[in-house]
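Data block below; observations after.
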């Protein structure tokens, strides 16, 4: 996750009053529970076996390789092959799960389904119904209509981070972080005891925090304000990140992107 | 016509989490248990800033400490940022190899000089002996022939022996690295098994305890629920009974939470002990491996030394090429002379070779220390980070579960239907963060 996204989540936002609405149409799914469905377990086992095989190949390839560039190249090849296998194995399963979630949400008149991890209280748990549908024979049937308009909005933080000035700030911060990290590593190697090492670490963290406050925080504030403005105009109750959304919701990413440009 | 679900784009990224068990443990909210009482915010959606709440939780200092430990380890080692990186090791190994090559060159030069010196002395002695016997013919060529043969043989033997020892050393080092990696994996797996067993045992005890608490309060809970089911109950009594039921739930949750906190501390201490033990065992066993490897190399070097000393220098057998016409007495005298110079040279050369072997042994020891330190550092740090992150995840899960319980009580009190965390922007929702903060801070007391 980028620095902007990280900081955005960490902000305690102020809630404007007066936009209350009915929230009985919010559902959630426990994705961890879904992963224990036989088809997912089987795919996981296949992936684990493939990874074990790939690990052995990787270890053989790396044996005796001392050059950092070659190590990185081999490592990248390894990651690519593993990612491709993941896509092959899980892609069809995810599509099926998506249809099942949409079908259940539609039958329960839910306008939005989110990840259980962000639900602290309330909402409708549709995990059991989705599990049942996925474990049953045949493919789940897609709903005949789109989800109803939802008072829960979402943004694709990753897409917002590609706005040139935000991206430039992020890239700049990452370069700064890499340089600081290198310096800190050198100092850590020279440190004579734990106290010195602690001091190096604290200094490193403080330097990064300062820099983040100076260069990233103002952009985070602007982004949050822009999201809140768009949300108010559209009468939304709250806005979450796309990564926490599973079904439905109101996408305001493009409105926010336009506002920030 | 069937229109595709609008969710596909938004949900795909989230569902990818499924595959690899990254969808962390859920926070234990079950809507079916919730009975929202009428309140000023009835039907609204609430939200909390989970990061802010985690920061006021009594266990936050432990979490921050774990974060610091992970950050320190990540900064110090592992992966592409490893402090003693592959490139560092390669540089240090190259330096050791340079020192070894220089020592070998010095030894070769010293042996060559000594050889020439002894050949000259022997040549002079042979010439003197032949001169004294009145045979000037061929004395110079005999000595020169002896010296030339010795030089060629010495170079061949020294080069072959050194190549053999170097190959052998490389093979042993590779074997040692493989053995160290296997050992590291085995120790790590054993420690993980022990940790899991202890964690399972504690979790079982927690479940038993929770069950016993629930059983103890079963009668009271049933009585309260029976009262609530009485439709004729007035609002004040209903509120009072609901409050008593909530207090009962909270008492049990707090007792189990306290036990979990203690167990968490026990597990943390156990983790530290396991880490220390694995690192100690790894260091010991890698040390033993290195000693065995160095001993094997030393044996091979001794063999090479004997080979060099036995063959380098003047031809050890077959005597001197004595020209025709030399009598048996002179032949005997020349052979004695040769044997004496051979012996003197062997003794002198063996000292030089021994000195070289000592240098080589020291460089080999340093080389192995370097390889062993690398393996131990890298694997130890990676394992520590994994374990700390697991520990951190468990602790965070416990804290969030407790926070969720507090937020649930607040939401029920205010009649809020749904509460979520991690909102990007709140818009019209009700912020419960500061109220929850107060309740969580009271857990310190």
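The values are calculated or read from the model by the stated rules, or taken from the named source; none is laboratory data. Here the structure is a predicted model, which means the values were calculated and not measured. Counting neighbours? That spans all protein chains shown, and the Cβs are built from the backbone with ideal geometry, glycine included.
Among the residues of the range B:397-412, are any facing chain A (nearest Cβ under 9 Å), part of a loop (DSSP other than H, G, I, E, B) and surrounded by fewer than 23 Cβ atoms within 10 Å (Cβ to Cβ)?
So far as the range B:397-412 goes, no, none of its residues is facing chain A (nearest Cβ under 9 Å), part of a loop (DSSP other than H, G, I, E, B) and surrounded by fewer than 23 Cβ atoms within 10 Å (Cβ to Cβ).
Among the residues of the range A:122-142, how many are facing another protein chain (nearest Cβ under 7 Å), crowded, with 21+ Cβ neighbours inside 10 Å and part of a loop (DSSP other than H, G, I, E, B)?
Selection size over the range A:122-142: 1.
Can residue B:53 be described as assigned to a helix (DSSP H, G or I), crowded, with 19+ Cβ neighbours inside 10 Å and at pLDDT below 75? It would help to see each step written out before you state the result.
Values: assigned to a helix (DSSP H, G or I): yes; crowded, with 19+ Cβ neighbours inside 10 Å: yes; at pLDDT below 75: no.
When the stated conditions are applied, residue B:53 does not pass them.
Counting just the residues of the range B:202-240 that are in a loop (DSSP other than H, G, I, E, B) and over 30 Å from residue B:264 (Cα atoms), which one comes out farthest from the chain's Cα centre (by Cα)? Full working, then the answer.
If we filter the range B:202-240 for residues that are in a loop (DSSP other than H, G, I, E, B), which is where we start, we get B:217, B:229-234.
Imposing the further condition that a residue be over 30 Å from residue B:264 (Cα atoms) reduces the set to B:229-234.
Details: B:229: 61, B:230: 64, B:231: 66, B:232: 68, B:233: 66, B:234: 66 Å.
Filtering the range B:202-240 for residues that are in a loop (DSSP other than H, G, I, E, B) and over 30 Å from residue B:264 (Cα atoms), the one farthest from the chain's Cα centre (by Cα) comes out as B:232.
If you take just the helices (runs of 4 or more DSSP H) that sit entirely in the range A:153-261, which of them hold at least 3 residues that are within 25 Å of residue B:64 (Cα to Cα) and touching a helix residue (DSSP H, G or I) at 6+ places or on another chain (Cβ under 6 Å)?
Numbers: elements: A:157-160, A:164-190, A:194-211, A:217-233, A:253-260.
It comes to A:164-190, A:194-211.
What single numbered condition from (1) over 28 Å from residue A:31 (Cβ atoms); (2) more than 9 Å from chain B (Cβ to nearest Cβ); (3) surrounded by 12 or more Cβ atoms within 10 Å (Cβ to Cβ) fails to hold for residue A:148?
The single condition residue A:148 does not satisfy is (1).
From (1) modelled with pLDDT of 75 or more; (2) buried (at least 19 other Cβ atoms within 10 Å of the Cβ), pick out the condition that doesn't hold for residue B:261.
(2)
Could you pull out the residue among A:220, A:256, A:230 that is more than 10 Å from chain B (Cβ to nearest Cβ), more than 16 Å from residue A:27 (Cα to Cα) and modelled with pLDDT of 90 or more?
Details: A:256 fails: more than 10 Å from chain B (Cβ to nearest Cβ); A:230 fails: more than 10 Å from chain B (Cβ to nearest Cβ).
Within the list A:220, A:256, A:230, the selection yields A:220.
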